[in-house]
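Some notes on the structure that comes next.
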């Protein structure tokens, strides 16, 4: 390394020591086993991975993937029109709109999850309102259901989707649309052939962020879901902080990262298919 | 540009905005509700804010949070800025590799980062506490500082530094009189982001904190799991206020100076 | 003054500048002229010290500065987009180089004063770059460089970002400035008219090679290569008996009678350009058009499609190429 790039040395050391090495250790531990006290025993085997193929865990992981995909799809459906609206609004509206979608990005997700406890619990805001209006006679059980988990996930991660899409729409060359309408494409056609492919990078970034974050999020399920709605991240978390089965927790982490990478690659491939062959918008 | 949005798009956007803000509005409103238990409104009060500041555990968590945030901000700002400056001098191939490594903390899920650090600290018998939280926070904050300072450096271009050298400045003088003043808004803004990230972090801290190093988000988590309380509403309201203020400050600082392209403090 | 001897430059194994030897005289206004990517900026950056030659030497006043860093070379560069420090006022920008040299405060003040007066910036010294127009920023860039009293001033397309009218004004200012300073200017441009107007000597470059070095008059009157014949001014290239020669449009004559004409053709277009007008003629038997400039005393009218004879004096033929 040249003298002028010595400034990188501390960072490289730091990230190696506290990012790369720990992750390698986790991969290593996934091939170990544990003793009765929960200590890791250095004995190479694939038991931890074998445990994963228990139908119980396979089912949980399947549920997690479904939940993450549904969350991502819902976030995309809700976010794209909103981002589009703000990006195409007048300058004043745009400034306000951007501020309004940036703020929730920086509000702690714990707080935002907690907000739904306040709203959905038996004596919560929603039930009280419905009772007062006479729609229901008995409070509804909304908290600790799968629906509450999905709602919480969408609510928590929607800013992760809106912002990248907004950035992509904003950076898109608006002259392209004028050129398209000059060539006779308007409305849906120009949206489908120009806008959507041009904002692909934003959709990609947003979807990856939402998908990975949903899969890795144990707090929403913990707070809004019941015991039965545990997701893979809850299992991982409990292997490290409760049950102390590190090899199993490590194996699940490795599986989580690898399947996420595969799904992202598949999604990326689907996005670059026939209709979406525009070059990266960023 | 004239707005050419369809009215349905406007209605959709309004509804999504209400969806995003209404729940938060309820937290803020209930933090001023004088009733401890009921969901009904029973009068305005500051009582919960007062009791928050006399709660010893909250104050302890606050002090832990601030210590962690301050220390991790200083180190991550220093390391991230150094990296952003130095990476310009390396060859293209190693730049791609090192740049990828510097992005990694933003990409990898918090839970993976948290648990792998827990494993590291346990394996090397480092007691969990403020120190381990600080190390974890530095690790992810470096990336955010790096990204923000890098955008500022890219915006500056190479010519200003060449001009300084041409006028007789050596490497240090060029850095001191030209590069540093030019990227200062990026550094300050990066530091504010690092501070906010640290203040807000729950996932990573949850894995690497010890019994005596509870931070505010960890405290909130514990309380939320027990159910709702008006003090938590007040605490959440304050935290929202602080984070949002800091972010707008960071955004403002980054885009200070005329003729600059507007930049975002977000990593994409 | 400056001597480049056998200077060569490779980027990633690609030749950017072929071996080049060149002596630039004291007080000379020398222009490196060529299309973008021809290597002219690379040569300038090697003289300034931002690039190091792969081979060869660069001497300033007889002293080898090939491996000296830019901050230790007694010459200054005016950057293409000025590279003014945005966080400093005009005055601080100009003072920068003097502060780096740690000149006494009094001398700094005198030099700033002098540079500001020469470039007519006196009322603007307290402003910041973003408060100035393009032409004013350009002047600050020059003032900042000349305040250091360099032996040589290097200019990298300094007028490139300005509009045509402003360019014209600044061109004559630059020429005037160079005369009154009496220092060597090395100027890079792709604008041949600008090069003709300003330079004592022009170096024409193409794909990293020098095509021709000469005074504007030599370059115009006796181009030695096909490239310099066609890059500077308009030219008609004829080939006869395996040799190439060029005849400028103003040296061609259009005649109605085709007897004894050297070439015969058909009028393709008639262009009125104010003081002159121009015929574009499609030659018979040859797949090429020639341009003929008719001066304002020529009252004849021409129709498109008309047959025309093309003539010239043999002494106006300029043989080009090997």
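Where a number appears in this text, it was derived from the coordinates with a stated rule and is not lab data. Computed from a predicted structure; not experimentally measured. Positions of Cβ are generated from backbone atoms using ideal geometry, with glycine treated the same way; all protein chains shown enter the neighbour counts.
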- Who wins for biggest fluctuation among C:256, C:127, C:144 in a Gaussian network model of chain C, springs between alpha carbons below 10 Å? C:256
- Message: Could you tell me the center-to-center distance, by alpha carbons, between the stretch B:99-123 and the stretch A:59-97 in angstrom?
- Response: 27
- Spin-label point model (7 Å from Cα, Cβ direction): what's the residue C:59 to residue C:87 distance in nm? 4.3
- Task: Just need log10 I(q)/I(0) for the stretch C:2-221 at q = 0.13 Å⁻¹, Debye formula, equal scatterers on the alpha-carbon atoms, no solvent, rounded to two decimals.
- Result: -0.75
- Message: Kirkwood hydrodynamic radius, the stretch A:174-282, all distinct C-alpha pairs: what's the number in Å?
- Response: 16.8
- Query: If packing is taken as the mean number of other Cβ atoms within 10 Å per residue, what is the order of C:8-14, A:103-109, C:279-285, highest first?
  - Reply: A:103-109, C:279-285, C:8-14
- Average the reciprocal distances over every distinct pair of alpha-carbons in the stretch A:219-269, invert the result, and give the Kirkwood radius in Å. 12.1
- Message: Test of understanding: in a Gaussian network model of chain B with alpha carbons linked when under 10 Å, which of B:203, B:17, B:59 would top the mean-square fluctuation ranking?
- Response: B:17
- Item | Using a Förster distance of 25 Å, the FRET efficiency for residue B:25-residue A:146 (Cβ separation, nearest 0.05) | 0.45
- Note on the structure: Once both label points are put 7 Å beyond Cα along the C-beta direction, the residue C:258-residue C:26 separation in nm becomes 6.3
- Over all residues in C:93-102, what is the mean tally of Cβ atoms on other chains that come within 10 Å of each residue's Cβ? 4
- Which value results for Rg/Rh of the stretch A:48-168 when Rg is the Cα radius of gyration and Rh the Kirkwood radius based on the inverse mean 1/r? 1.09
- Item | Relative exposure of B:48, A:246, judged by other C-beta atoms within 10 Å (fewest first) | B:48, A:246
- What's the FRET efficiency of residue B:241 with residue A:105 using the Cβ-Cβ distance as r and R₀ = 22 Å, to the nearest 0.05? 0.90
- Message: Full-extension gain between residue A:128 and residue A:53, please, as 0.36 nm times their residue separation minus the C-alpha to C-alpha distance.
- Response: 22.6 nm
- Test item: B:245-254 mean partner chain Cβ contacts at 10 Å: 2
- Counting other beta carbons within 10 Å of each Cβ, put A:233, B:94, C:36 in order, fewest first. C:36, B:94, A:233
- Obtain the nm distance between the two label points defined at residue B:125 and residue C:218 by a simple spin-label model: each point lies 7 Å from its Cα along the Cα-to-C-beta direction. 8.4
- Two-decimal log10 I(q)/I(0) for the stretch B:157-202, as the Debye equation yields it once each C-alpha is a single scatterer, q = 0.16, 0.23, 0.29 Å⁻¹: -0.53, -0.74, -0.95
- Message: Placing one identical point scatterer on every Cα of the stretch C:99-160 and ignoring solvent, what is log10 I(q)/I(0) from the Debye formula at q = 0.22, 0.28, 0.29 Å⁻¹?
- Response: -0.98, -1.29, -1.31
- Query: Among B:229, B:141, which comes first, second and so on when ranked by fewest other beta-carbon atoms within 10 Å?
  - Reply: B:229, B:141
- Task: Sort C:66-78, C:161-173 for me by packing, meaning the mean count of neighbouring Cβ atoms within 10 Å per residue, highest on top.
- Result: C:66-78, C:161-173
- Cα convex hull of the stretch B:1-82 - mean projected area over all directions, nm²: 11.2
- Note on the structure: Computed D for the stretch A:1-54, Stokes-Einstein, Kirkwood radius over alpha-carbon pairs, 10 °C, 1.306 mPa s, to the nearest µm² per second, is 116
- Message: If you wrap a convex hull around the alpha carbons of the protein assembly as shown, what volume per residue comes out, as a whole number of Å³?
- Response: 249
- Message: Give me the three principal axis extents of the stretch B:56-254 from the C-alpha atoms, as integers in angstrom, largest value leading.
- Response: 65, 38, 23
- Note on the structure: Plugging the Cβ-Cβ distance of residue B:170 and residue B:70 into 1/(1 + (r/R0)^6) at R0 = 35 Å yields, to the nearest 0.05, a FRET efficiency of 0.55
- Message: Cut-off 14 Å, label point 7 angstrom out along Cα-to-Cβ of residue B:212: give me the residues of the stretch B:122-163 whose amide nitrogen falls inside.
- Response: B:127-132
- Can you give the helix-only mean residue ellipticity at 222 nm for the protein assembly as shown, where every DSSP H stretch with n ≥ 4 adds -39500 (n - 2.57) and the sum goes over all residues, rounded to the nearest 500 deg cm²/dmol? -17000 deg cm²/dmol
- Message: With only alpha-carbon atoms in the gyration tensor, what are the semi-axes of the equivalent ellipsoid for the stretch B:13-52, in Å, largest first?
- Response: 25, 11, 7
- Query: Which one of C:46, C:88, C:100 has the biggest mean-square fluctuation once chain C is modelled by GNM with Cα springs under 10 Å?
  - Reply: C:100
- Could the peptides B:71-84, B:114-127, A:257-270, B:171-184 be put in order, highest first, of the mean number of other beta-carbon atoms found within 10 Å of their residues? B:71-84, B:114-127, B:171-184, A:257-270
- Distances over 19 Å make up what percent of all Cα-Cα pairs in the stretch C:246-313? 22
- Kirkwood Rh over Cα pairs of the stretch A:49-276 into Stokes-Einstein at 37 °C, 0.692 mPa s: D in µm²/s? 166
- Note on the structure: Taking every residue of B:94-107, the Cβ atoms of other protein chains inside 10 Å of its Cβ average out to 2
- Task: Find the centroid of the Cα atoms in the stretch B:155-227 and in the stretch A:2-53, then give the distance between the two in whole Å.
- Result: 27
- Cα-only Rg/Rh for the stretch A:96-150 with Kirkwood Rh rounds to 1.12
